[in-house]
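Asker: Encoded as structure tokens, here's the structure I'll be asking about.
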Amino acid sequence: MRVLFKSRDPKGIAMHELAKARSEFVFRRLAWLISKATVSLSDINGPRGGLDKRCQVEVHIDREKKVVATSIARDWRGAIDLALARAARTLVRKRENRQSVKPTRRVRAKTLAMIEAAV
């Protein structure tokens, strides 16, 4: 699993190592499923403060399948943790749903012909 990091904010760039370590820890059991994870940090309204730290985690499962989770918090650590937790929860849910789908029963052609002949 590759972890990519994006941020234009200088304080967000300082969180690079934390974001990488946290994403590797959160996705440690799902690493075989994930090809690439991108963590993007942005400060929505600049230096004014408040709930303005945004973290977006984009996890690529296959070439065409991806999971995107976004969170907004007061600090970078909270935004990173919340977005990673949401992404991991979504990945586990998708995996469980895929496994719980039971395959349809196949009817052999001979049996189908017998049913049609009886009707």
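This table checks each residue for (1) among the acidic types (Asp, Glu); (2) closer than 18 Å to residue 29 by Cβ; (3) free of Cβ contacts under 8 Å to residues at least 24 places away in the same chain; (4) assigned to a helix (DSSP H, G or I).
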| position | (1), (2), (3), (4) |
| --- | --- |
| 51 | no, no, yes, no |
| 64 | yes, no, yes, no |
| 69 | no, yes, yes, no |
| 90 | no, yes, yes, yes |
| 97 | no, yes, yes, yes |
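Asker: Pick from 83, 21: which is free of Cβ contacts under 8 Å to residues at least 60 places away in the same chain and over 13 Å from the mean Cα position of the chain (by Cα)?
Answerer: Step by step, each of 83, 21 is checked, and only 21 is free of Cβ contacts under 8 Å to residues at least 60 places away in the same chain and over 13 Å from the mean Cα position of the chain (by Cα).
Matching residues to (1) at pLDDT 90 or above; (2) surrounded by fewer than 16 Cβ atoms within 10 Å (Cβ to Cβ):
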site	(1), (2)
5	yes, no
12	no, no
19	yes, no
23	yes, no
34	yes, no
37	yes, no
44	no, yes
53	yes, no
62	no, yes
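The values are calculated or read from the model by the stated rules, or taken from the named source; none is laboratory data. Because the structure is a prediction, the values reported are computed rather than measured. FYI the Cβ positions are ideal-geometry reconstructions off the backbone, even for glycines, and counts take in every protein chain you see.
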